[in-house]
Each structure stands twice: as C-alpha cells, then as structure tokens.
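Accompanying notes for the structure given below.
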Amino acid sequence: MNYFPLFADLSDRKCLVVGGGEVAERKVRLLLAAGARVTVNAPILGPGLAGWRDEGRITHAQGRFDAGLLPGQRLVIAATTDRSVNRQVCAASERLGILANAVDDPAAGSFIVPAVVDRDPLIVAVSSGGAAPVLARRLRQWLEVVLPHGLGALARLAGEMRRKVKRRLVPAARRGFWEAQLAGRFAGLALAGEESRARQAFHLELERAATAPAASGSICLVGAGPGDPALLTLKALRRLAEADVVLHDRLVSSETLALARRDAELIAVGKYPGGGWTQQEIHQEMIRHATAGRRVVRLKGGDPFVFGRGGEELAAAQAARIPCEIVPGITAALGCGAATGLPLTLRGSASALTLITAQGGDELDTLDWPGLGAAGHTVVVYMGVGRAAAIRDRLLGHGRAPATPVAIIEDGTMTAQRCVKGSLAELAELIVRHDIRAPALLVIGETAALARDGSPPRDARSSAGPAGWVKVALAG
C-alpha cells in the first residue's frame, strides 16, 4: 500500500490552491464541499472561480505562486499548467510540513486526491495510487451507478440512531443488531426515501433487542474450496464478513483469509504430519469461543463434509447445544477437474466416480479395490502423494490396466497449479521425478488423459471492466 487512505476534516480549515484554470476549479469545488476556507493563488481566474470569488466563497491571491501564503494552510494543491511551478509549490510545502498535491504528478507531492462517490455522509474514495487514474475514474463511474442514492439517507439515519443503541444495548449485542438492521426493513425503507417509516421500524427492533435474552454464540462450518478465493460461495463470503473468530486450516490461502471481517480473530488450527492441533483441541476451541457469545467460522479447505472431518465438528457442536450451520465448498476433485479441463465422468469413457483418501494407515484396507480396479471408473485420491506406490500396486493387483491414464494436480486452482500426466504403472515415479508436493490430487482413469497442463485459465470477463471483477449485493 503506497498511500495511507484517510478522510480529512477540512471544515473551516485553510486550504490553498495554486492555479486558476478548469483543473483548479474542480479541486476547489471538492474543497468547498468539504467546508474548507479556500484561497486561490493565480494571476487570472477562470469564469467559475471568478464567480465564487465574487460571491465571497473563495479568496483570490492574485499573482504568481507566493510561498508566503503557505504558513497556516492545512492542505495545498498545485493545479497550474506548468509542471515546474507545481513542483516548486510541493517542495515549499514539504519544507513546512504541509501536505501538498501536484495534479497529474503524484511523485511531486505528499498526497493524492482520489476519485470520489459522494453519498453524504457516506463517501467512497477510489485510488490507484497515481498509477492508473483513468481506471480509478472508471471504477468511480461504475460505483455511481450501482450504489443507491438512498445510501446517504441510510447513513444519516444510522448516525442519528447510534447513541440510542449505545444506551439500550450492551457492547456485545451491538454489532449483530446493526448488521440485522442494515440488511433488513430499516435499510430498505431508508434506501427508498421513507425516513419516517424507517425510524419507526428501527425503534421497534431496538425495543425488541433491548428486552430479548442475550444472544448465544454460533458455529458455522464453511468450505473454503480448493484454493482460489474466487470459488467461495456467496454465503461463505457473508459468514466470513460476520465472523468474530475464524479457525482456519493450514492450507487456506492468505487471499481467502483477507476476506474475513477486518477485526475478526484469525486462529490457525491446521494439522501437519507429526504435529499441529488435534481434532479434540479444535472442538474445544470452537466451543470455547461460541459459548462466550461469539460467531465462530470454522474455515476448512474444500468442503467440510468431504474428508474434512466436518461431521465430527458438527457432532461436537450439537453435543454442546451450540447452533451450527454448514456452508458447503467446492471440493478439490471438482475444483481441480474444472481447472485442468478434466471431466471426472464422460459418456463412453467414465461412468463412475469414487473419491478416496489415502490418509491414515487403515484407510486403504477398507476400500473396494475390485470395484476401483474396473475400467471406466475414475478414482480421485486425496492426500495420496506419500502412498502413491501402494495405491498403484492395489489397483494393478485388482485388474486396472498399467496404461490407465493418471493426472497429478499440484496446487489445483491456484496460479502455481501444475498438472503432470502419465500412466498408472509410473504413478509413483512421476511424483518423484517431478518433485510433487502436497497439496496434490491424484486422478486415475481414462479421462485423466484429457487434463490440461499449466495454470488454470482466468475469467476472460476480467478484461471487460468492473462488472467482471466485483459483485455488490444489498440485502433489503
């Protein structure tokens, strides 16, 4: 982050704009909207600035740049058509410790002005750090369309109600109450401009919340998918945004964790060979936070109920009488198959699919190897890198042809994804030869030959504009 984002209170503060043209006029308009006392230093003012001067809204310091105007200024904006003058303004401001901006020359100044969406008192600022100002402006235009104009009224009403909520509700209950109001009838009425009815709805809900029993905590088992954070479900994103505590697996990506609520407590409870958290310790940690009234998200790679021990965690929550929700995720077999173009079933080639895990010493002994050894049957092995030789031998011993195609997918769905293909007979050797490391998935069967090599293809719509990047949902 090259620039620290902040919102400055300029009400009745002195600000200086150097320059008298159209660009200077745009900057002055923003400063006046923020309540600043603006002085414009320029030999000549354009029509708009001259009109504001005549109305007494701005002060005109006529002439070329005068460094004597700098002391006492809160902000300075250099908006002349002369780059050298703009740099001179910024350098003089820097010597006095005053924040300064040079229009179209971010390196010269100490702050930049973002593109702004104004839903007063709600302000959305967009900046590319000066790298791509046209992109920032385009994103602002898109936000202008998708953000309802009623958001300002909603923010104003919420501010009006804050003190009442503080008086009536204990701190632990406030966040949940506000989240419910901003996704419910109060928000819908405010956005529609029905402020009187919105106030009535809010007061009714506040009275209910103030007299209701204290809310208990909850547990939500959330599938994080195979790795790519874009494959999270909408419900998973909502639960991450609401969580007070996130207990996450070791392999959940940092990009996925960044989607959690900013002030949520993130606790890594991953396992690894010979160490890490035990399953019982994870149960105890979930229950400890939930019984303290917190909303706990247990964030698990893939799907909680596919080799994720989600069933055990659900049973632990139920035994403790804690509400537990399940949010499914895309399991690795489906994600990796899609990312490599590998169909797990295909008419005429593969009519059956079995997902197995090679983790644990007794797992392989309990499997139906004669069934797995049949042709036309796709076998996907989770956590099988270390036991590839044993899996190969059992399949060959129960009739699977040595030439059966295999695909080994490492870091599936991620940018570092690799896919190595070969035959069942050389499965273990492929892993050694290509230095395959976990997390990796073994796909055995006729359709494995169709897998693509390399990184997963990215959404082509991402080049079409903001609509391909961001989805905004306002519940009402």
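Side notes on the structure shown:
- Checking each residue in segment 64-88 for being under 17 Å from ALA36 (Cβ atoms) and assigned to a helix (DSSP H, G or I) picks out only LEU69.
- Any hit, segment 166-174, residues being farther than 18 Å from MET1 by Cα and touching a Gly at 6+ places or on another chain (Cβ under 7 Å): yes
- Residue in segment 35-50 that is surrounded by 13 or more Cβ atoms within 10 Å (Cβ to Cβ), over 43 Å from the mean Cα position of the chain (by Cα), assigned by TED's automatic domain parsing to the domain that holds ALA100 and farther than 22 Å from ARG83 by Cβ present: yes
- Some residue of segment 393-414 being touching a residue at least 40 places away in the same chain (Cβ under 8 Å), surrounded by fewer than 16 Cβ atoms within 10 Å (Cβ to Cβ) and under 35 Å from the mean Cα position of the chain (by Cα): no
- Within segment 51-64, the residues that satisfy the criterion of being under 24 Å from ARG87 (Cα atoms) and either of a type in the set (D, E, K, R) or over 45 Å from the mean Cα position of the chain (by Cα) (or both) are HIS60, ALA61, GLN62, GLY63, ARG64.
- Condition broken by ALA350, with the remaining ones in (1) touching a helix residue (DSSP H, G or I) at 6+ places or on another chain (Cβ under 9 Å); (2) of a type in the set (Gly, Ala, Ser); (3) farther than 23 Å from LYS421 by Cα; (4) crowded, with 17+ Cβ neighbours inside 10 Å satisfied: (3)
- Candidates ILE44, ILE77, ILE58 - the one that is closer than 26 Å to ARG95 by Cα, free of Cβ contacts under 8 Å to residues at least 40 places away in the same chain and of a type in the set (A, V, I, L, M, F, W, C): ILE58
- When SER128 is tested against (1) crowded, with 17+ Cβ neighbours inside 10 Å; (2) free of Cβ contacts under 8 Å to residues at least 24 places away in the same chain; (3) farther than 30 Å from GLY152 by Cβ, only condition (3) is not met.
- Across segment 183-219, the qualifying residues are those that are part of a helix (DSSP H, G or I) and acidic (Asp, Glu), and the one among them that is farthest from ARG321 (Cα to Cα) is GLU195.
- Of all residues in segment 230-277, those satisfying the criterion of being among the polar types (S, T, N, Q) and under 11 Å from the mean Cα position of the chain (by Cα) are SER254, THR256.
- Qualifying residue in segment 374-395 (condition: in a helix (DSSP H, G or I) and under 30 Å from ILE219 (Cβ atoms)): no
- Within segment 48-63, the set of residues being touching a helix residue (DSSP H, G or I) at 6+ places or on another chain (Cβ under 9 Å), more than 23 Å from ALA8 (Cβ to Cβ) and part of a helix (DSSP H, G or I) comprises just one member, GLY48.
- Taking residues in segment 265-286 that are within 19 Å of ARG321 (Cα to Cα) and modelled with pLDDT of 95 or more, and partners anywhere that are β-branched (Val, Ile, Thr) and outside any loop (DSSP other than H, G, I, E, B), the pairs with Cβ atoms closer than 9 Å and at least 6 places apart or on different chains are GLU285/VAL245; GLU285/ILE267; GLU285/VAL296; MET286/ILE219; MET286/VAL245; MET286/VAL296.
- Considered as a group, the residues in segment 288-309 that are among the basic types (Lys, Arg) and touching a residue at least 24 places away in the same chain (Cβ under 8 Å) include one that is surrounded by the fewest Cβ atoms within 10 Å (Cβ to Cβ), and that residue is ARG309.
- Residue check: LYS166 meets all listed conditions (1) in contact with a Phe, Trp or Tyr (Cβ under 9 Å, 6 or more places away or on another chain); (2) free of Cβ contacts under 8 Å to residues at least 60 places away in the same chain but one, namely (1).
- Filter result for the condition that a residue is modelled with pLDDT under 95, more than 13 Å from ARG392 (Cβ to Cβ) and assigned to a loop (DSSP other than H, G, I, E, B), over ASP453, ASP435: ASP453
- If you go through segment 229-244 and keep only what is surrounded by 23 or more Cβ atoms within 10 Å (Cβ to Cβ) and not in a helix (DSSP H, G or I), you end up with just ALA243.
- Here ARG239 meets each of (1) in contact with a helix residue (DSSP H, G or I) (Cβ under 9 Å, 6 or more places away or on another chain); (2) under 24 Å from ALA290 (Cβ atoms); (3) in the same structural domain as ALA292 (by TED's automatic domain parsing) with one exception, condition (1).
- Every condition in (1) crowded, with 19+ Cβ neighbours inside 10 Å; (2) in contact (Cβ under 8 Å) with a residue 24 or more places away in the chain is met by LEU191 except one, and the failing one is (1).
- Scanning segment 202-221 for residues that are touching a Pro at 6+ places or on another chain (Cβ under 8 Å) and either farther than 23 Å from LEU182 by Cα or polar (S, T, N, Q) (or both) gives SER216, SER218, LEU221.
- Top-ranked residue of segment 310-337 - restricted to ones that are among the small types (Gly, Ala, Ser) and free of Cβ contacts under 8 Å to residues at least 40 places away in the same chain, ranked as surrounded by the fewest Cβ atoms within 10 Å (Cβ to Cβ): ALA319
- Some residue of segment 207-228 being over 21 Å from THR291 (Cβ atoms), under 26 Å from the mean Cα position of the chain (by Cα) and free of Cβ contacts under 8 Å to residues at least 60 places away in the same chain: no
- Subset tally (residues that are polar (S, T, N, Q) and buried (at least 18 other Cβ atoms within 10 Å of the Cβ)) for segment 58-93: 5
The values are calculated or read from the model by the stated rules, or taken from the named source; none is laboratory data. All figures in this text were calculated on a predicted structure; none of them were measured in a lab. Neighbour counts are summed over all protein chains in view; Cβ atoms, including those assigned to glycine, are modelled from backbone coordinates with ideal geometry.
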